[in-house]
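J.: Quick one: this structure, given as structure tokens, is what I'll be asking you about.
The values are calculated or read from the model by the stated rules, or taken from the named source; none is laboratory data. Keep in mind that what you see is a predicted model, and the values were worked out from it rather than measured. Here the Cβ positions follow ideal geometry from the backbone for every residue, glycine too, while neighbour counts run over all protein chains shown.
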């Protein structure tokens, strides 16, 4: 099963069309390991980007170097997945009992 | 259905089992129709809610075309149960079903959904093999014959937005096309996605307003307004092209192009913290707030025959 330990989702707020164009360079065709959960679209709409832990430094460096503001929406994707699985198992056990 | 936990996420088998239970519990109202099979030969099931009559006008809902959007399948389950238990109790549901049929495809992409449970929680596409590429799957919401191949879709099989080799190449899409065209009397298509808090309508593949733009816009405005009354969740609304970006080959554009005037796509709630990993304790709040908006659309369809 694929794991996402240390992978983060960055919440990116482009300031202008130029930044939106730059963000589109980070798509999965040029960077197959990153994955837009929410694609860069029009001004005023944030983009969310799933970044594997191995590429975090590079991608954050790219955003910083172009003054593109972002925050970390999910610190560790795997932690949320573990929590999700735990809740599902708990629900199943409750039903069984 | 009394032992089913609507506030939890479930596997494909659990949901398919629950569908059988729902049919068993409401035999005169609910039936299960197989409309085709997926690339990996899983059955594609649709729940039919009908009080009789032949070839009544109908409303179509689908959830889970993008498999990782788990909140949508969960909302599909909750909504199907709401409709089944509401008939004869809730005047709006009763009025709709006394005149129209409702079809719900809860797992529109079963291969992808199974894959999210077994292997990759983040899987979005179908699981079909692409000739000449090591990358798997097609985005089933770029695979429809409506501006197919245009902007906002990709010709690269490795892209999450890969449109596929040709329109309706995906069995999951073709099955819906065959069903809706074969039915011939579907008056509304509502396709449910997550997670940007939007209610969208045609066009997606071009920026020009649809001929029914004003009516669809007014209906969307009312629907998101009523949605917000439950927990204050604010939705934006408008055409896909104007609200997010030009996206070719989408479900609602195909439906609209094929004569379904009331063609919408929902993007369910975004808390700003979880994206596709919305915790299961938000399933029921999400479904509960979405319901009045769905009902607005369904009632409008009932009251505006065409």
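J.: Against the conditions (1) within 26 Å of residue B:77 (Cβ to Cβ); (2) more than 17 Å from the chain's Cα centre (by Cα); (3) within 14 Å of chain A (Cβ to nearest Cβ); (4) at pLDDT 95 or above, where does residue B:272 fall short? Just the number, please.
T.: (4)
J.: Condition check: under 15 Å from the mean Cα position of the chain (by Cα) and closer than 21 Å to residue B:122 by Cβ. Does residue A:85 satisfy that?
T.: No, not satisfied.
J.: When segment A:62-80 is examined, which residues are found to be buried (at least 16 other Cβ atoms within 10 Å of the Cβ), assigned to a helix (DSSP H, G or I) and without any contact (Cβ under 8 Å) to a residue 60 or more places away in the chain?
T.: Once the filter is applied, which keeps residues that are buried (at least 16 other Cβ atoms within 10 Å of the Cβ), assigned to a helix (DSSP H, G or I) and without any contact (Cβ under 8 Å) to a residue 60 or more places away in the chain, segment A:62-80 yields A:62, A:63, A:80.
J.: Determine whether residue A:83 is assigned to a helix (DSSP H, G or I), exposed (fewer than 14 other Cβ atoms within 10 Å of the Cβ) and within 10 Å of chain B (Cβ to nearest Cβ).
T.: yes
J.: Any residue at all in segment B:222-230 that's over 25 Å from residue B:285 (Cβ atoms), in contact with a strand residue (DSSP E or B) (Cβ under 7 Å, 6 or more places away or on another chain) and touching a residue at least 40 places away in the same chain (Cβ under 8 Å)?
T.: Looking for residues that are over 25 Å from residue B:285 (Cβ atoms), in contact with a strand residue (DSSP E or B) (Cβ under 7 Å, 6 or more places away or on another chain) and touching a residue at least 40 places away in the same chain (Cβ under 8 Å), one finds none in segment B:222-230, hence no.
J.: Hey, residue B:202 hits all of (1) surrounded by fewer than 22 Cβ atoms within 10 Å (Cβ to Cβ); (2) farther than 30 Å from residue B:40 by Cβ but one; which does it fall short on?
T.: If we test residue B:202 against (1) surrounded by fewer than 22 Cβ atoms within 10 Å (Cβ to Cβ); (2) farther than 30 Å from residue B:40 by Cβ, just (1) comes out false.
J.: Next up: Within segment B:226-256, track down each residue that is part of a loop (DSSP other than H, G, I, E, B) and either surrounded by 21 or more Cβ atoms within 10 Å (Cβ to Cβ) or away from every other protein chain (no Cβ under 14 Å) (or both). Talk me through it step by step, then tell me what you get.
T.: We begin by selecting, within segment B:226-256, every residue part of a loop (DSSP other than H, G, I, E, B); these are B:232-235, B:244-250.
Within segment B:226-256, B:232, B:233, B:235, B:244, B:247, B:248, B:249, B:250 meet the criteria.
J.: Taking the criterion of being out of contact with any strand residue (DSSP E or B) (no Cβ under 8 Å at 6 or more places or on another chain), at the interface with chain B (Cβ under 10 Å from one of its Cβ atoms), within 22 Å of residue B:273 (Cα to Cα) and not in a helix (DSSP H, G or I), would at least one residue in segment A:23-44 satisfy it?
T.: Yes, some residue in segment A:23-44 is out of contact with any strand residue (DSSP E or B) (no Cβ under 8 Å at 6 or more places or on another chain), at the interface with chain B (Cβ under 10 Å from one of its Cβ atoms), within 22 Å of residue B:273 (Cα to Cα) and not in a helix (DSSP H, G or I).
J.: Another question, if that's okay. Kindly indicate the residue of segment B:193-223 that is under 17 Å from the mean Cα position of the chain (by Cα) and assigned to a helix (DSSP H, G or I) and also farthest from residue B:289 (Cα to Cα) among those meeting that condition.
T.: Filtering segment B:193-223 for residues that are under 17 Å from the mean Cα position of the chain (by Cα) and assigned to a helix (DSSP H, G or I), the one farthest from residue B:289 (Cα to Cα) comes out as B:220.
J.: Report, by residue number, each residue of segment A:4-61 that is more than 24 Å from residue B:157 (Cα to Cα) and without any contact (Cβ under 8 Å) to a residue 24 or more places away in the chain.
T.: Correct list: A:18, A:42, A:44, A:45, A:57, A:58, A:61.
J.: A follow-up question, please. Please go through segment A:1-22 and pick out each residue that is surrounded by fewer than 16 Cβ atoms within 10 Å (Cβ to Cβ), within 15 Å of the chain's Cα centre (by Cα) and more than 10 Å from every other protein chain (Cβ to nearest Cβ). Can you show your working first?
T.: Quick first cut of segment A:1-22, residues surrounded by fewer than 16 Cβ atoms within 10 Å (Cβ to Cβ) only: A:1-3, A:5-6, A:13, A:15-18, A:21.
Now narrow it down to the ones that are within 15 Å of the chain's Cα centre (by Cα): A:3, A:5-6, A:13.
Of everything in segment A:1-22, those that are surrounded by fewer than 16 Cβ atoms within 10 Å (Cβ to Cβ), within 15 Å of the chain's Cα centre (by Cα) and more than 10 Å from every other protein chain (Cβ to nearest Cβ) turn out to be A:5, A:6, A:13.
J.: Based on what the data block shows, is residue B:223 crowded, with 21+ Cβ neighbours inside 10 Å and more than 27 Å from residue B:143 (Cα to Cα)?
T.: yes
J.: Taking the stated definitions as given, is residue B:295 over 20 Å from residue B:185 (Cβ atoms), part of a helix (DSSP H, G or I), more than 13 Å from every other protein chain (Cβ to nearest Cβ) and in contact (Cβ under 8 Å) with a residue 60 or more places away in the chain?
T.: Against the criterion (over 20 Å from residue B:185 (Cβ atoms), part of a helix (DSSP H, G or I), more than 13 Å from every other protein chain (Cβ to nearest Cβ) and in contact (Cβ under 8 Å) with a residue 60 or more places away in the chain), residue B:295 qualifies.
J.: Would you please name the residue that is surrounded by the most Cβ atoms within 10 Å (Cβ to Cβ), looking only at residues in segment B:1-51 that are more than 14 Å from chain A (Cβ to nearest Cβ), part of a loop (DSSP other than H, G, I, E, B) and in contact with a helix residue (DSSP H, G or I) (Cβ under 8 Å, 6 or more places away or on another chain)? So that I can check it myself, show each step before the final result.
T.: Looking only at segment B:1-51, we keep the residues that are more than 14 Å from chain A (Cβ to nearest Cβ), and these are B:16, B:19-20, B:22-51.
Narrowing further to those that are part of a loop (DSSP other than H, G, I, E, B): B:26-29, B:38-42, B:50-51.
Narrowing the set further to residues that are in contact with a helix residue (DSSP H, G or I) (Cβ under 8 Å, 6 or more places away or on another chain) leaves B:26, B:29, B:38-40, B:42, B:50-51.
Numbers: B:26: 19, B:29: 20, B:38: 23, B:39: 20, B:40: 14, B:42: 20, B:50: 17, B:51: 16.
Among those that are more than 14 Å from chain A (Cβ to nearest Cβ), part of a loop (DSSP other than H, G, I, E, B) and in contact with a helix residue (DSSP H, G or I) (Cβ under 8 Å, 6 or more places away or on another chain), it is B:38.
J.: When you check residue A:33 against the structure, is it at pLDDT below 95, under 22 Å from residue B:195 (Cα atoms) and under 14 Å from the mean Cα position of the chain (by Cα), yes or no? Please lay out each step first, then the result.
T.: Values: at pLDDT below 95: yes; under 22 Å from residue B:195 (Cα atoms): yes; under 14 Å from the mean Cα position of the chain (by Cα): yes.
Yes: the conditions hold for residue A:33.
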